[in-house]
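The next block holds one structure in the form of structure tokens; read it before the comments.
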Amino acid sequence: MVPARVLLMLFKYSIIVALLASHASPADTGSAVMVNSGSTNTPGFKIVVQSEGAAEYTPMPRAHSPSEGQHVAAPMKRKLAPALAHRLFSDLEAARPFSELPRPTCMKSVSFGSRLTIQFKGDETPDLNCPAGQSAKLAALIEDAKQIVAVFSAH
């Protein structure tokens with residue numbers, strides 16, 4: 001027989017776990033994080049997009065190179081067009097779970113090849129630098145990503 005105090009402790013613990021699980025972090029609910037891995041010759045970046053359209057681009061140093069002497073630009077903030085922000089989050093929801101999306105492979109240069117993914121609600125898309133194949137959901141995410149990157153490319 002289990003003592004009453006052990007049962008009470010287990011009950012309290014289960015309540016705490018349930019409460020913690022019910023409080024999702026902001027990154028899990030209202031934002032999507034685009035990550036470009038960069039390459040040997042090209043710096044990467046991270047773009048955090050909030051559901052209301054606020055976006056922040058943070059450059060990252062080049063992969064596999066010493067950080068000494070590298071100049072990393074300051075983060076940039078932009079406001080995405082409401083239609084683009086809405087489309088991104090609609091397309092992300094429609095494409096979930098991302099594990100069911102095709103994972104096409106594509107040839108990449110060792111020096112210039114990079115990966116572009118979107119992290120959303122604890123899940124990560126396949127590489128959006130590769131073609132979508134026959135997947136309309138993956139094609140929509142690739143187009144969204146291109147348009148968002150373009151927002152930060154146009155000074």
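Here, each number is a calculation from the coordinates, and none is a lab measurement. Because the structure is a prediction, the values reported are computed rather than measured. Heads up, the Cβs are rebuilt from the backbone with ideal geometry, glycines too, and the neighbour counts pull from every protein chain shown.
Strictly over 19 Å apart at the Cα level, which of Lys77/Lys108; Lys121/Lys146; Lys77/Lys146; Lys108/Lys137 would you flag in this model? Present the calculation step by step, with values, prior to reporting the outcome.
Values: Lys77/Lys108 30 Å; Lys121/Lys146 21 Å; Lys77/Lys146 17 Å; Lys108/Lys137 23 Å.
Flagged as over cut-off: Lys77/Lys108; Lys121/Lys146; Lys108/Lys137.
Extending each Cα 7 Å along its Cβ direction at Arg96 and Ala83, get the distance between those two points in nm, one decimal.
So the label points at Arg96 and Ala83 sit 2.6 nm apart.
Please report the Cα spread of region 25-153 along all three principal axes, rounded to whole Å, starting with the longest.
42, 32, 26
Check Met60: other-chain or 5+ apart residues with amide H under 5 Å from its amide H, H built from backbone geometry?
Gly44, Phe45, Lys46
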